[in-house]
Amino acid sequence: TPPNLTNAERTGGFAPLVPRYLEGPAAGARVMGVPCLESDLEYYLPAGGFIRCSPDGSDLADVIDAAESDPDWEAQRITTRDRVVREHSWERRGRQIYDNLASLA
């Protein structure tokens, strides 16, 4: 659950994309829950890379059943894993920082 749902007063309603949204997919898991900022999530994860459920988990059984009955479930899991590992690794981030700094010289 993003922090804006559990403590909106503290966060001012802000729900950032934090590493936990990428750690599970990098390990090959499908992330399930309440998304952070939709625009961030859609930018970083491919379609189907995040399984949405209600904040209180009241629809969790139905959401899991629907996800598992989806014929594209496994392909989405693999696509998400591969994209996160390729695009959001520490190596890639380090390379981007280095390239940006090198372009200033």
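The values are calculated or read from the model by the stated rules, or taken from the named source; none is laboratory data. These figures come from a predicted structure and were not determined experimentally. Cβ sites come from the backbone with ideal geometry, for glycine too, and all protein chains shown count toward neighbours. SASA here: full protein model, heavy atoms, side chains in, ligands and nucleic acids out. Shrake-Rupley method; radii C 1.70, N 1.55, O 1.52, S 1.80 Å.
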Restricting attention to region 42-71, the residues that are farther than 19 Å from Pro19 by Cα, in contact (Cβ under 8 Å) with a residue 12 or more places away in the chain and of a type in the set (Ser, Thr, Tyr) number exactly 1
Of (1) touching a helix residue (DSSP H, G or I) at 6+ places or on another chain (Cβ under 6 Å); (2) in a loop (DSSP other than H, G, I, E, B); (3) at pLDDT 85 or above; (4) open to solvent by 60 Å² or more (accessible area, probe 1.4 Å), Arg81 satisfies every one except (2)
Only listed residue being open to solvent by 80 Å² or more (accessible area, probe 1.4 Å), in contact with a helix residue (DSSP H, G or I) (Cβ under 7 Å, 6 or more places away or on another chain) and either modelled with pLDDT under 90 or among the charged types (D, E, K, R) (or both), chosen from Pro35, Pro46, Pro55 | Pro55
The lone condition Glu74 fails out of (1) part of a helix (DSSP H, G or I); (2) closer than 21 Å to Val18 by Cα; (3) open to solvent by 60 Å² or more (accessible area, probe 1.4 Å); (4) not β-branched (Val, Ile, Thr) is (2)
